[in-house]
Amino acid sequence: MTLCYDSLWHLLIDRHMTKSELRRATGMSSGTFAKLSKGEPVTTSTLAKICDVLKCDIGDIISYAPRNGRVDSGSAERRLACR
């Protein structure tokens, strides 16, 4: 399983917000933030906090690609970027 947070990082750029600002705004621990940076799973509660701060939907910050690379929805560009 591959979790991809690339859309989160792009959204932060679009919102002129740094990763540190996001971490402070959500109250996220540095360990949880490290998981995001490595594309590791985090709790849905963490994702919900991010969505609350950014006023977005969960699909705006995370995507999923099975290890075999096949995904039924989403762009091919996103799947390739998150391998």
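No value in this document is a laboratory result; all are computed from the given coordinates. Remember, it's a predicted structure, so these values are computed and weren't measured experimentally. Counting neighbours? That spans all protein chains shown, and the Cβs are built from the backbone with ideal geometry, glycine included.
The residues in the stretch 24-48 that are surrounded by 11 or more Cβ atoms within 10 Å (Cβ to Cβ), hydroxyl-bearing (Ser, Thr, Tyr) and more than 17 Å from residue 63 (Cα to Cα) can be counted, and the count is 3.
Residues are listed down the side, and each one gets a yes or a no for (1) in a helix (DSSP H, G or I); (2) under 14 Å from the mean Cα position of the chain (by Cα):
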{"position": "12", "(1), (2)": "yes, yes"}
{"position": "31", "(1), (2)": "yes, no"}
{"position": "35", "(1), (2)": "yes, yes"}
{"position": "42", "(1), (2)": "no, yes"}
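Residue 21 meets all of the listed conditions (1) surrounded by 12 or more Cβ atoms within 10 Å (Cβ to Cβ); (2) within 22 Å of residue 2 (Cα to Cα) but one, namely (2).
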